[in-house]
Amino acid sequence: GIFDVSHMGQAFVEGAASAAFFSRITPSSFAKTPHGRAKYTVLTNDKGGIIDDLIITRMTDNKFFVVFNAGRKAVDIAWMKKNLPPAVTFTELADNALIAIQGPKAESALQKLLPSANLAAQAYMTILESEWQGVPVLVSRLGYTGEDGFEISIPANYAAAFWNKLLENADV
């Protein structure tokens, strides 16, 4: 199956204090999280109460990719920005679409569009950087519906063409 989940929020959080920041605003430790590893966690308020759940992926030592739930993304983003340490930046990816492809044939269908990505080697709850027709894309393997699958963050102006190319495959 293919899903347009572009209503979700996406952002990069960057800076030397990023891991410590996420360890403070979630109950998860990011100090030893390997590059490319995603964590499903919760965003907490100052009293430890849950604001929302979200997925945070460590891209590098100082760069994280965050996906917010659609219904509370404005609240989550505002709270996160308000609590950023001075040396940490927040960049909302408002111009990116998010396309999910899931099911038993998702890997083979997506692999045809991303021949330089080794999707068979991509582990669950990880991300990789790739490109489609020269356009940079982020490919997460989260399978949030319960099936194995991928979420592709792509500049919105390329999303329809990418979507249509996926639909050319009879397995999608």
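The values are calculated or read from the model by the stated rules, or taken from the named source; none is laboratory data. Just so it is clear, the model here is predicted, and its values are computed rather than measured. FYI the Cβ positions are ideal-geometry reconstructions off the backbone, even for glycines, and counts take in every protein chain you see. These accessible areas exclude ligands, DNA and RNA; they are computed on the full protein's heavy atoms, side chains included. Shrake-Rupley method; radii C 1.70, N 1.55, O 1.52, S 1.80 Å.
Magnitude of the Cβ-charge dipole of the range 28-73, K/R +1 and D/E -1, about the Cα centre, nearest 20 debye?
120 debye
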Checklist entry - Ordered by packing density, taken as the mean number of other Cβ atoms within 10 Å over each peptide's residues, highest first, how do 61-67, 30-36, 134-140 rank? => result 61-67, 134-140, 30-36
Checklist entry - Taking a probe of 1.4 Å, how large is the accessible area per residue of the range 1-80, in Å²? => result 45 Å²
Item to check | Karplus-derived HN-Hα couplings along the range 62-67 (A = 6.51, B = -1.76, C = 1.60, θ = phi - 60°), whole Hz, x at Gly and Pro | outcome: 10, 9, 10, 10, 10, 10
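What's the ranking of 81-92, 108-119, 4-15 by average number of surrounding C-beta atoms within 10 Å, highest first?
Output ranking for 81-92, 108-119, 4-15: 4-15, 108-119, 81-92.
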Next on the checklist: Using only the Cα atoms of the range 1-94, what semi-axes does the equivalent ellipsoid have when each is the square root of 5 times a gyration tensor eigenvalue? Give whole Å, largest first.
Outcome noted: 19, 16, 13
Checklist entry - Count the lysine pairs in the range 62-172 that are 8 or more places apart or on different chains: how many have C-alpha atoms under 21 angstrom apart? => result 7
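Output needed for the chain: three equivalent-ellipsoid semi-axes, defined as square roots of 5 times the C-alpha gyration tensor eigenvalues, in descending order, whole Å.
Those come to 28, 16, 15 Å.
In whole percent, and with a 1.4 Å probe on the protein chains, what portion of the accessible area of the range 40-132 is carbon and sulfur?
53 percent
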Item to check | Amide H within-cut-off set for Asp52, under 5 Å, with H built and near neighbours excluded | outcome: Leu43
Checklist entry - Expressed as an acute angle from 0 to 90° and rounded to the nearest 10, what is the orientation of the C-alpha long axis of helix 73-82 relative to the principal long axis of the chain? => result 40 degrees
